[in-house]
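The structure appears right after this line, and notes come after that.
No value in this document is a laboratory result; all are computed from the given coordinates. As the structure is a prediction and not an experimental result, all values here were calculated from the model. Heads up, the Cβs are rebuilt from the backbone with ideal geometry, glycines too, and the neighbour counts pull from every protein chain shown.
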Amino acid sequence: MPFKELGLKPELCQAVKDIGFETPTEIQKRAIPTILSSQQDLVALAQTGTGKTGAFGLPVLQQIDPNTKEVQVLIISPTRELAIQIAKDLKGFSAHIKGIKTLAVYGGTNISSQIRALKKGCQIVVGTPGRMLDLIRRRKLNVTNVRSLVLDEADEMLNMGFQEDLDAILKDTPKEKQTLLFSATMPRQIARMSKKYMNNPNEIEVGARNSAAQNVEHHYYMVKAKDRYEAIKRIADVNPDIYGIIFCRTRRETATVASKLSKDGYNADLLNGDLSQGQRDEVMGRFRSKELQLLVATDVAARGLDVDSLTHVINYNLPDDLEVYIHRSGRTGRAGNSGISSTIIHTREMNRIKALEKIAGKKFIKQGVPGGEEICGIRMMDLVEKLRATEVNEEQIEKYLPQVYEQLSDLGWQELIQHFVSMEFNQLLEHYEQAGDINASSKGSNKKSKSRSNKSNNRNKSRNRSSRGPRKAEAGFTRYFLNIGKRDGLNPARLMGVVNEQMHGKKPDFGKIDIQTNFSFFEIEEGFDNKLFDSMNGTRFEGREVGVEVAKPDTNGSSGKAKKPFHKKGKKKRNRSHAYS
């Protein structure tokens, strides 16, 4: 089916053709006619990389009146990178329509230039919630004439804690506008969001709900925790043309892994929240041009990253919220390409792989971490293939050849090959000469079962620990108790979003997060106690007053009930600690 059969006008069809798109994706086939044929609101569920920008961008462009400079379309995205990418795509789509202007507004850059651009007039504003709300409050962005409102990656916006910003932005928009909500997953909060902001919306779903992309293979490698980095190196070594993202849990971890990879000679760099916008743009430019093969990133830093040709996504750690894995894996296997999502797990995480299989709706394939002999063999043959494929420009090198022939005249062809291979592979061969097998089996799989009484005792101990969370924080982190949990709609991603939203200035790194039914435990890097208490205590989450306390292990090691965790409202204290272990 060509684009013109979807009801798009010739100028848009020509622009799509110029860009190189020949046929619409499934979400575009279903969403574009729906948006054009009625003013009814729409909820569209589709994975990252399925053409969502075209699905909402093309029809809203068709409905714009280019003769008026007022803002007619508002597109809200969770990150500045995604806002920039959407604005770029819309400018491409509208290349043959005179008078349409698109502006991206986002934090991390001078607001004055964005204000000047708004004064000149534009029909489409794409932006992040924080900067958009700032412009509205300064009376520089007028949203009272908006005809179309798009919430892109709505699930990510909620996870990042933008609910209040969205409420403030939307209250000034007209009731009769068309609202289009696009999301990769459909958690409970999105269902509530559609009821809150939308009027009897249509719903389009491409692929199984919350499922992984179909053209992505899911692999996992089981190693001991200390061998995670070695496993990453071997995966990279056995895939010479790898082009991918390595996801880590914290900024500190990204810095460590990226630094090690760089020192070990890999084409790698990091992307995390500590980078300035200029540094971030520089890293992303190198990655998009494939000057970098590996980008080591946190989930937050990688949101909005739009690269279609990734071969691999590698999970250095599984995310605390397993649904985040769907977003990670969806960054490969895009635009009709195939991809691999690989996960490094330790011996006690097999249950999480089983849970992921249910969420993703796909079987995860256990892979063996390759050994030195296999890696060297693959890399050597890859070099041979590249050598054979190298084009020889005799005219260019002709004047140098006599001297080269003379220098190598005493070597036979076999010796010459040996010298060449040694020059290229000595370092790799030396590294793997004594490299052992780092594959691990599931904990206890090769051990005899303990007695039933011991099992029972261990089970009871495990229950006591799980109800109260891990006993000790990781080195460099402080562990906190939070009085809200799963019953309040909290998950690890939302917890991180709420904390980051409330804490202005430098944001902390997160450690382990443990969400229980009625309460939660979480770790952030040391030194944020007072800032956390001041910003979080007394705020509200889903109607409940939030309270945060430092949690520390019982001094007597008992597993009795936790004390009442919070002082009454109006009597908050600083640096309080209780025995919540």
Rounded to two decimals, the Debye log10 I(q)/I(0) of the stretch 216-371 (Cα scatterers, no solvent) at q = 0.14, 0.20 Å⁻¹ is -0.64, -1.39
Whole-angstrom gap from the stretch 13-91 to the stretch 222-295, using each part's C-alpha centre:
32 Å
Quick check for you: which residues of the stretch 406-441 have the amide N under 15 Å from the point 7 Å beyond the Cα of Glu394 toward its beta carbon?
none
Neighbour counts of other C-beta atoms within 10 Å: give me Arg139, Arg234 arranged from fewest to most.
Arg139, Arg234
Could you give the dipole magnitude of the chain about its Cα centre, charging the beta-carbon of Lys and Arg +1 and that of Asp and Glu -1, in debye to the nearest 20?
4420 debye
The answer for Glu203, listing residues at least 5 apart or on another chain whose modeled amide H is closer than 5 Å to its amide H, is Val43
Quantify how much of the Cα-Cα distance distribution of the stretch 17-152 extends past 26 Å, in percent.
19 percent
DSSP-defined beta bridges in the chain - what % are antiparallel, rounded to 5
25 percent
In the neighborhood of Gly527, defined by Cβ-to-Cβ distances under 12 Å, what is the net charge if each Lys or Arg adds +1 and each Asp or Glu adds -1?
-2
So what are the ³J(HN,Hα) numbers for the stretch 110-123, from phi and the Karplus equation (6.51, -1.76, 1.60; θ = phi - 60°), rounded to whole Hz, Gly and Pro as x?
4, 6, 4, 5, 5, 5, 4, 5, 5, 5, 6, x, 7, 8
List Phe533, Phe425, Phe481 from most exposed to least, where exposure is judged by having the fewest other Cβ atoms within 10 Å.
Phe425, Phe533, Phe481
Work out from phi, with θ = phi - 60° and the Karplus expression 6.51 cos²θ - 1.76 cosθ + 1.60, the ³J(HN,Hα) of each residue of the stretch 8-18, listed in order in whole Hz, and give x for Gly and Pro.
7, 6, x, 4, 6, 4, 5, 5, 4, 5, 4
Give the separation of the Cα centroids, the stretch 108-176 to the stretch 306-381, in Å.
36 Å
If I compute Rg and Dmax of the Cα atoms in Å from the structure I just sent, which labelled value in [x] 23.3, 71; [y] 27.1, 89; [z] 33.4, 121 lines up?
[y]
Segment Thr256-Lys195, extension gain: residue separation times 0.36 nm, minus the distance between their alpha carbons:
17.6 nm
Relative contact order of the chain, please, whole-number percent, based on alpha carbon pairs below 8 angstrom and at least 6 residues apart.
13 percent
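Once R0 is set to 25 Å, what does the formula 1/(1 + (r/R0)^6) return for the Cβ-Cβ distance between Gln434 and Ala225, expressed as a FRET efficiency to the nearest 0.05?
With R0 = 25 Å, the Cβ-Cβ based efficiency is 0.70.
What FRET efficiency would be calculated for the residue pair Met381, Lys354, taking the C-beta separation as r and a Förster radius of 41 Å, to the nearest 0.05? Walk me through the intermediate numbers first.
Values: r = 36 Å, r/R0 = 0.88.
The pair Met381/Lys354 has a calculated efficiency of 0.70.
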Just tell me which aspartates and glutamates come within less than 14 Å, Cα to Cα, of Lys506; anything on the same chain fewer than 8 places away is out.
Asp274, Glu525, Glu526, Asp529
R0 of 35 Å, Cβ-Cβ distance Trp413-Asp241: FRET efficiency to nearest 0.05
0.80
Which of Leu135, Leu270 has the fewest Cβ neighbours within 10 Å, and the rest in rising order:
Leu135, Leu270
Once amide H atoms are placed 1.01 Å from N in the peptide plane, what residues at a sequence separation of 5 or more from Ser342, or on another chain, have their amide H within under 5 Å of its amide H?
His219, Val313, Ile314, Asn315
Amide H proximity to Asn337 below 5 Å, modelled H, separation 5+ or other chain, gives none
Given Lys4/Lys140; Lys486/Lys507; Lys52/Lys224, the pairs whose alpha carbons are separated by over 28 Å
Lys4/Lys140; Lys52/Lys224
Simple spin-label model, 7 Å along Cα-to-Cβ: Glu406 to Lys17 in nm?
6.1 nm
